[in-house]
Amino acid sequence: MHLKIGIGLSSAFASVVLYAVCGSLAFAAGPPDAEDGVLNKDIVKDIAGAMAKKSSPLSRADTLAGQGRWADAYDAYTTEISRDKDNSVSSRVKRMVCAARLKRWNEVIADGNEILKAKSPGTQKRAKVLQRRAEAYAALKKYDLARVDLLEEIKLWPDSRPAYVELINVYQAAGDWQGAAETQKKLDALDSEIKPF
């Protein structure tokens, strides 16, 4: 069986292109068939194998998330977390996003807890994790916990407009109109500071 690699491409050019894509010449050990522009089935299998080795579970998970395949991406991040427990913070953050898209609120909270226990996830990342966890708490009607996370996020990132908006929503959902009004005033002050000249 033969596969055409492209119209007008020479075998040598195809090998160079495939080397650039796969980073390996293992598949090009033997020359392609004598007919110009044709690769044999064994070489194609070698190419596929080389490409599969280059693709890590994390990059696969990122690809699935980029395609909006949230459940598959969630599973792939779970595999990556179990494979590399020492470097799991980044994968957990990404898995939180997938869980939120799937409305798996308890899983969002569990990942958030693990990330926040980890060695210094960084101020901005910590703030985002707090916001996602607050969103999960609010969805589960645990408004007091959501409020605590949002207030901590605002301490870390005082210019975070989304945190103020979410906090207003949490206060309103809990029936705390005074808290919502006070937070709205703070948001208005923040907005007035960032208006253009």
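The values are calculated or read from the model by the stated rules, or taken from the named source; none is laboratory data. What you see is a predicted model; the values in this text were computed from it and never measured. Cβ coordinates were reconstructed from backbone atoms using ideal geometry, including for glycine residues, and neighbour counts include every protein chain displayed.
When you scan region 151-161, do you find a residue that is surrounded by fewer than 13 Cβ atoms within 10 Å (Cβ to Cβ) and modelled with pLDDT of 95 or more, even just one? Looking for residues that are surrounded by fewer than 13 Cβ atoms within 10 Å (Cβ to Cβ) and modelled with pLDDT of 95 or more, one finds none in region 151-161, hence no. Within region 118-141, the set of residues being charged (D, E, K, R) and under 16 Å from Gly179 (Cα atoms) is empty.
Restricting Ala100, Ala134 to those that are aliphatic (A, V, I, L, M), in contact with a Leu (Cβ under 9 Å, 6 or more places away or on another chain) and over 22 Å from Ile194 (Cβ atoms) reduces the list to Ala134.
The residue list Lys103, Lys94 contains one member that is in contact (Cβ under 8 Å) with a residue 24 or more places away in the chain and not in a helix (DSSP H, G or I), which is Lys103. Would a scan of region 170-191 turn up a residue that is closer than 24 Å to Arg104 by Cβ, buried (at least 18 other Cβ atoms within 10 Å of the Cβ) and either at pLDDT below 95 or out of contact with any His (no Cβ under 7 Å at 6 or more places or on another chain) (or both)? Yes, some residue in region 170-191 is closer than 24 Å to Arg104 by Cβ, buried (at least 18 other Cβ atoms within 10 Å of the Cβ) and either at pLDDT below 95 or out of contact with any His (no Cβ under 7 Å at 6 or more places or on another chain) (or both). Applying the condition of being in contact with a Lys or Arg (Cβ under 7 Å, 6 or more places away or on another chain) and farther than 19 Å from Glu135 by Cα to region 73-125 and asking which residue is surrounded by the fewest Cβ atoms within 10 Å (Cβ to Cβ) yields Thr78.
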